[in-house]
1. Please determine whether any residue of region 91-107 is on the phi < 0 side of the Ramachandran plot, touching a Pro at 6+ places or on another chain (Cβ under 9 Å), without any contact (Cβ under 8 Å) to a residue 40 or more places away in the chain and open to solvent by 60 Å² or more (accessible area, probe 1.4 Å).
2. Kindly evaluate Leu122 against the criterion of being open to solvent by less than 90 Å² (accessible area, probe 1.4 Å), of a type in the set (A, V, I, L, M) and under 25 Å from Leu48 (Cα atoms).
3. Looking for whichever is without any contact (Cβ under 8 Å) to a residue 24 or more places away in the chain and either within 27 Å of Arg51 (Cβ to Cβ) or loosely packed, with under 14 Cβ neighbours inside 10 Å (or both) here; the options are Ser152, Ser138. Which one fits?
4. Which pairs do you get when a residue that is more than 13 Å from Leu112 (Cα to Cα) and touching a residue at least 12 places away in the same chain (Cβ under 8 Å), found in region 43-56, comes within reach of a residue that is open to solvent by less than 80 Å² (accessible area, probe 1.4 Å) and among the β-branched types (Val, Ile, Thr), reach meaning Cβ atoms under 9 angstrom, with the pair 6+ apart or on two chains?
5. Somewhere in region 24-35, is a residue of a type in the set (Ser, Thr, Tyr), open to solvent by 60 Å² or more (accessible area, probe 1.4 Å) and more than 30 Å from Gln93 (Cα to Cα)?
6. Within region 74-89, is there a residue that is under 27 Å from Gly177 (Cβ atoms) and out of contact with any Leu (no Cβ under 7 Å at 6 or more places or on another chain)?
7. Quick test for you: out of Thr81, Thr178, Thr148, Thr170, pick the one residue that is more than 21 Å from Gln59 (Cα to Cα), of a type in the set (Ser, Thr, Tyr) and in contact with an Asp or Glu (Cβ under 9 Å, 6 or more places away or on another chain).
8. Before we move on, is Glu117 among the acidic types (Asp, Glu) and surrounded by 14 or more Cβ atoms within 10 Å (Cβ to Cβ)?
Amino acid sequence: MATRESITGRFGSAAAGMLLATGVTLAARRRGLEKARLHERQLELEELAIRRKSLRHQQRLHWELLARAIDDPSLAEVVDTYDKGIPARRRRQFFYANAWYVNLYHLYEAGLLDQEELFGRLRELFQTPLMREYWEASKEQRASLKATSTESRVGVMVDGLIKDLDEADTDEWWVVGTPPSV
């Protein structure tokens, strides 16, 4: 009897030790996985910060380049793809209109506006006939965009918004159109 208990006791101790070692190993793996997940999240946040910084820089550069083109017609000729039948003064206004549109687009891209907020601001911006004229004059520029790109989807949203504004039976422009659902 003593031998049987001694053997059983040894196996029981060995089994308990194996269970303890397995538990410790699993806990260490979990900690390792959690550490890897946290590191991955940190890298994602750093990448997002770099992307936002790049977008801010791009917006600033875009404005500086457009401002130079607006101020100096000889520089505007470099990027002026509008119909040459459009008077120079109007083409300069189109550059400025583009700056306003791109500003809103960058705010959206940076995550500072959601799609509904972007829609509302675009609805306000496209109240002026000059903005609508700019949009029409720049349609060839947008035609080269990849249809699945964010910029193309925003362009389609503006096209629909302008159509809704043109067809509206109300002077209350702020209620025209249906904001896109996210």
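The values are calculated or read from the model by the stated rules, or taken from the named source; none is laboratory data. A quick note: this is a predicted structure, and the numbers were derived from the prediction, not measured. Positions of Cβ are backbone-derived with ideal geometry, glycine not excepted, and every protein chain shown enters the neighbour counts. Calculation scope for accessible area: heavy atoms of the full protein, side chains included, ligands and nucleic acids excluded. Shrake-Rupley method; radii C 1.70, N 1.55, O 1.52, S 1.80 Å.
1. Yes, region 91-107 contains a residue that is on the phi < 0 side of the Ramachandran plot, touching a Pro at 6+ places or on another chain (Cβ under 9 Å), without any contact (Cβ under 8 Å) to a residue 40 or more places away in the chain and open to solvent by 60 Å² or more (accessible area, probe 1.4 Å).
2. Working: open to solvent by less than 90 Å² (accessible area, probe 1.4 Å): yes; of a type in the set (A, V, I, L, M): yes; under 25 Å from Leu48 (Cα atoms): no.
Judged against the criteria, Leu122 is not a match.
3. On the way: Ser138 fails: without any contact (Cβ under 8 Å) to a residue 24 or more places away in the chain.
So the residue among Ser152, Ser138 that is without any contact (Cβ under 8 Å) to a residue 24 or more places away in the chain and either within 27 Å of Arg51 (Cβ to Cβ) or loosely packed, with under 14 Cβ neighbours inside 10 Å (or both) is Ser152.
4. Every condition considered, no pair remains.
5. Yes, some residue in region 24-35 is of a type in the set (Ser, Thr, Tyr), open to solvent by 60 Å² or more (accessible area, probe 1.4 Å) and more than 30 Å from Gln93 (Cα to Cα).
6. Start the filter on region 74-89 by keeping residues that are under 27 Å from Gly177 (Cβ atoms), which leaves 82.
Subsequent filtering for residues that are out of contact with any Leu (no Cβ under 7 Å at 6 or more places or on another chain) retains 82.
Scanning region 74-89 turns up at least one residue that is under 27 Å from Gly177 (Cβ atoms) and out of contact with any Leu (no Cβ under 7 Å at 6 or more places or on another chain).
7. Working: Thr81 fails: more than 21 Å from Gln59 (Cα to Cα); Thr148 fails: in contact with an Asp or Glu (Cβ under 9 Å, 6 or more places away or on another chain); Thr170 fails: in contact with an Asp or Glu (Cβ under 9 Å, 6 or more places away or on another chain).
Only one candidate qualifies: Thr178.
8. Working: among the acidic types (Asp, Glu): yes; surrounded by 14 or more Cβ atoms within 10 Å (Cβ to Cβ): yes.
Criteria met by Glu117.
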